[in-house]
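Colleague: Sharing a structure, written as structure tokens. Questions coming.
The values are calculated or read from the model by the stated rules, or taken from the named source; none is laboratory data. Note that the coordinates shown come from a computational prediction; the quantities given were computed from them, not determined experimentally. Methodologically, a virtual Cβ is constructed for each residue, glycine included, from the backbone with ideal geometry; neighbour enumeration extends over all protein chains shown. Accessible surface areas use protein heavy atoms only, side chains included; no ligands, DNA or RNA. Shrake-Rupley method; radii C 1.70, N 1.55, O 1.52, S 1.80 Å.
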Amino acid sequence: MSRLAQSNRAAPVAKRDARTAGVGGAQDGELLHNNLERMNIDQQGDSTDNRPKSEACPVCNSTKYLNSNLRFLVNPECYHKVCESCVDRIFSNGPATCPIQGCSRTLRKHRFREQTFEDIKVEREVDIRKRVQAVFNRREDDFEGLRDYNDYLNDVEDITFNLINNIDLEDTNRRFEAYQKANQTIIAENERLAREEKMGFAANQKAERLLARERRDAARREEEDERREIEEGRRDVLKRLAAGGDAEKVTKEGQQVQLKKRLNKQAAAQRQQELQNAAGTGNGTAASTMLKGLKARPKKAEPEAPIDPFGGLRFTHKYFEMQDDYRWEGIQDTMKDVRHMAGGYDVRDFTQRSLVAAFSGLGVFAGEEGGEMEKVMVDEKALGTARADLGLKDSGMAEAPR
Amino acid sequence: MAASPALDVPPDPPFKRRKTTPEPTSGTGTGTDSPDDSASAPLAADLADQLDSQERKKYVKGKKLGSGQYADVFEAHLLADPKKLVAIKKIKVGPEVQEFGISYDSLREIRFLQELHHPNIIKLHAVFSTKNQNLNLVLEHLPQGDLLKLIQDTQSISYTPADIKAWMLMLQRAIYFCHANGVLHRDIKPNNLLIAADGEIKLADFGLARPMADPYQPMTYNTITIWYRPPELFFQAQHYGGAVDIWSCGCVFAELISRDVLFRAWPENEINMVKLICEKVGTPTEENWPGVSKLKGYVTPSEIVPIKTRDDWLAVFRSIGELGVDLLIKMLTLDPRVRLTAEGVLRHPFWTAAPRPSRLEDLPRKGGGVEVMGDSLKQRGGELPRNGEANAAGVGRGDKVARKIDFGAMK
């Protein structure tokens, strides 16, 4: 009977469980290793073997038999089972030690909850797994390949297993904490993504349903239109016949009109179909990126670099520095000439070009350049930039590294 | 018209050899023998011809992508690696070739594309000629069409200010690179901005480009497609600089935002264009453009429209944001000395402000663009693709642009 009652209650408990695990995750994690250490002791003791035989509260000895409303609660600190009224009684005035003999954990009331699984071992394992999962929430997309991901999963399982079975506890906990500290932002980000994914999926399904309904409506409307048109055509033919037209001609014309209309409609339908397909594929990619989720992240990391409007291209002059003003009458005259100036002629362009021309080729050695030319020929892809480099070098300009 | 347009870019004598003038570097060429009897004198035959056929054999020509008055465009791939696609632009030989040799446009295009290598400038892989002295330019394969197609397809293509910023940034980088290397493009417009497979913008069509001129060396004012032509060229300035390209870029910028040509003068003549510029930007006067009245083509305006204020611009182009409008105003300033330089444009805070320019893979694109590439490449510069009928009749817009005048007497 008690079992029945428990399984009936399983659903709401699970919900509450998820909430506590989700919201209080951080605190849980922080306490985790302490708890686990303590559980070490608890495990060999009472909690497991006194479970099946007694449905009585170990503190007040009240039983299900006498009190059908009796509920048992456990605290993830030590997983000792205590009845609800005892919890209220003992812990209402703030934290107190566990009332079970030989257990000296300090427990708080808000951490008590109902057991989801009958076997306390399973309960504990699920708790541990939840916590580990909240921290080790990497996704497959974070890894270079399946191999790396599998290795990671293996590591995580090792840690989980150690925690559950109290193997190497200190070392494992150190690893766990170190990882958590080092990856705080990524953990938070992955958590957010998982949440979004969940929501996105629901939204997608809703949109799909809506679309399907629209499609059905459109089809129905179209059918009606068609029927009405056929009817109209027939009436038209009749009218013309009544007005005294050549019977054969009128019917033929009527048929042609029908045919044309149908063809038009087919074309329209096809267009519609294409449009829908396009929209469908658009949705599809959106959904798939959402599911893959993390694929976008390495790319998002890239644009961290600010936009360089020059695209990494800078022209610096190795051999000369441009002056604002040159005392050469050729230039001075031009600068005074209103027709040059008003037309937007820029003397600096000319001086710069002349200087570049004057110094072009300096520091370029025929042998080296020949070698570079060959290199360029071999590597088709680098052809453009390399040749540009050559050209720049040739004219005494140098390109900043991209 | 003091200076004949012929003064404009007399490019170096054709570097790609003609049969009678063997390439100097080959040294051995004795000239006129045909390559067939090279067995007797393998080297002496014509080294240049050998090199030429060597180059030609590297490519396997595929289907024709487009064909125009001026050139045919073919798809091709490397013989060695069929995955590497290129486009071969075969320049048609007209009657003028007999007398003048290769046309200036192709020469200019080859000359500048051989020297300018930048990720946002169309790449010229090689040049070779075929039997009947046809020039073939092996160009980068750009399958995604051009920017004009994206702008005009208001039905199915929509883009964001971030996309505009990404496109403009690529264009401005290309222009900066050209200007820093002393080259004026002189034909910037959306249909000369081709889109690569990865979404990158490539500046194409250097048929009207020229090196920046020395002082007192006049340049033609009859250049740049009329809708994108800056006011100083309408006033027949013969000495100008990179500012002309910046004006065109400003027009492209505005066109990207509003999805309509900024100065769509109709009918397309200079008078209407000047009128439109006065209307939309303001009337050029001695106050806002010192010295403008000394320009040859300046006509004293009968009525003066005051320079438009920032708020006027904002009202039209609000979607690009305050900074974007600021940049637009500075690119479309009447006085070319006040207008930003290519470097100044790149230094503008617009680029680094939010939103960040879209990544290449996020830019909207239009499929099935190989034919488009053929369409764009086959044109002469200065010509808009919208005037098909006019073209057929031989009075295309290109006729008004300098390069055509070179051969005007021949036709």
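Colleague: Taking 0.36 nm per residue of sequence separation and subtracting the Cα-Cα distance, how much length would be gained by fully extending the chain between A:Ile167 and A:Ser85, in nm to one decimal?
Modeller: Stretched fully, the A:Ile167-A:Ser85 segment lengthens by 25.9 nm.
Colleague: Show me you know the interface measure: the accessible area buried between A and B, both chains summed, probe 1.4 Å, in Å² to the nearest 100.
Modeller: So the total buried area for this chain pair works out to about 3300 Å².
Colleague: In nanometres, what is the gap between the two model label sites at A:Arg234 and A:Asn150, each 7 Å from Cα along Cα-to-Cβ?
Modeller: It works out to 6.8 nm between the two label points.
Colleague: Counting only protein heavy atoms, probe 1.4 Å: which residues of the stretch B:202-250 lose 10 Å² or more of accessible surface in the full assembly compared with their chain by itself?
Modeller: B:Met212, B:Ala213, B:Asp214, B:Pro215, B:Tyr216, B:His239, B:Tyr240, B:Gly241
Colleague: Just to check I understand the Karplus step: with θ = phi - 60° and J = 6.51 cos²θ - 1.76 cosθ + 1.60, what whole-Hz values come out for the stretch A:89-96, glycine and proline as x?
Modeller: Each residue of the stretch A:89-96 in turn: 5, 7, 9, 5, 8, x, x, 8 Hz.
Colleague: Whole-Hz ³J(HN,Hα) for each residue in the stretch B:133-138, computed from phi via Karplus 6.51 cos²θ - 1.76 cosθ + 1.60 with θ = phi - 60°, x for glycine and proline: what do you get?
Modeller: My calculation for the stretch B:133-138 gives 6, 6, 8, 10, 9, 8 Hz in order.
Colleague: Here is a further query. Measure off 7 Å from each Cα along the Cα-to-Cβ vector at B:Ala80 and A:Lys265, then give the distance between these two points in nanometres to one decimal.
Modeller: 6.1
Colleague: Right, here's the next one. Determine the alpha carbon to alpha carbon distance for each of B:Lys61/B:Lys189; B:Lys57/B:Lys84; B:Lys63/B:Lys84 and list only those over 23 Å. Walk me through the intermediate numbers first.
Modeller: Values: B:Lys61/B:Lys189 29 Å; B:Lys57/B:Lys84 15 Å; B:Lys63/B:Lys84 15 Å.
In this structure, B:Lys61/B:Lys189 lie more than 23 Å apart at Cα.
Colleague: Which whole-angstrom value gives the distance between the alpha carbon centres of the stretch A:108-149 and the stretch A:303-359?
Modeller: 66
Colleague: Let me ask something additional. Any chance you could run the full-extension gain for B:Gln155 through B:Arg264? It's 0.36 nm times the residue separation minus the Cα-Cα distance, nm to one decimal.
Modeller: Net length gain for the segment: 37.1 nm.
Colleague: On a C-alpha basis, how far is the centre of the stretch A:156-187 from the centre of the stretch B:269-310 in Å? Whole number, if you could?
Modeller: 75
Colleague: What does the accessible area of A:Phe176 come to, in Å² to the nearest 10, when a probe of 1.4 Å is used?
Modeller: Approximately 0 Å² for this residue.
Colleague: Taking amide H positions as placed 1.01 Å from N in the peptide plane, with prolines and chain starts having none, which residues 5 or more places from B:Leu139, or on another chain, fall under 5 Å of its amide H?
Modeller: When sequence neighbours closer than 5 places are left aside, the close amide H contacts are B:Ala87, B:Ile88, B:Lys89, B:His125.
Colleague: Hey, what do the phi angles of the stretch A:135-141 turn into as Karplus ³J(HN,Hα) couplings, whole Hz, using 6.51/-1.76/1.60 and θ = phi - 60°, x for Gly and Pro?
Modeller: With coefficients 6.51, -1.76 and 1.60, one gets 9, 8, 10, 4, 10, 4, 5 Hz.
Colleague: Also: Computing the accessible area with a 1.4 Å probe over protein heavy atoms, can you report the carbon and sulfur percentage for the stretch A:84-197?
Modeller: The value for the stretch A:84-197 is 47 percent carbon and sulfur by accessible area.
Colleague: Sticking with this one: In a shell of Cβ-Cβ distance under 12 Å around A:Arg215, excluding A:Arg215 itself, what net charge do Lys and Arg (+1) and Asp and Glu (-1) give?
Modeller: +1
Colleague: Express in nm, to one decimal, how much length is gained between A:Asp225 and A:Glu196 on full extension, taking 0.36 nm for each residue of separation and deducting their alpha carbon distance. Intermediate values should be presented prior to the final figure.
Modeller: Numbers: separation 29, 0.36 × 29 = 10.44 nm, distance 4.29 nm.
Once the chain is fully extended between A:Asp225 and A:Glu196, it gains 6.2 nm.
Colleague: Loop-only check: which trypsin sites (Lys or Arg not before Pro) in the stretch A:106-193 are DSSP coil with at most 15 other Cβ within 10 angstrom?
Modeller: Here the trypsin sites (Lys or Arg not before Pro) that fit, given the DSSP loop and packing criteria, are A:Arg108.
Colleague: So if R0 is 41 Å, what FRET efficiency would B:Tyr216 and B:Lys57 give, r being the distance between their Cβ atoms, rounded to the nearest 0.05?
Modeller: 0.30
Colleague: Right, another one. What's the carbon and sulfur percent of the stretch B:120-189's accessible surface, probe 1.4 angstrom, rounded to a whole number?
Modeller: 48
Colleague: Taking a ≥ b ≥ c as the square roots of the Cα gyration tensor eigenvalues, with a/c under 1.5 meaning rounded and otherwise prolate when a/b beats b/c, else oblate, which class fits the stretch B:198-279?
Modeller: oblate
Colleague: Could I ask something else about it? Once you place label points 7 Å from the Cα toward the Cβ at A:Glu140 and A:Leu210, how far apart are they in nm?
Modeller: With each label placed 7 Å out from Cα toward Cβ, I get 3.0 nm.
Colleague: May I ask for the Kirkwood hydrodynamic radius of the stretch A:192-265, worked out over all distinct Cα pairs and given in angstroms to one decimal? Please report the intermediate quantities before stating the final value.
Modeller: Details: mean 1/r = 0.0628 Å⁻¹.
Computed over the stretch A:192-265, the radius equals 15.9 Å.
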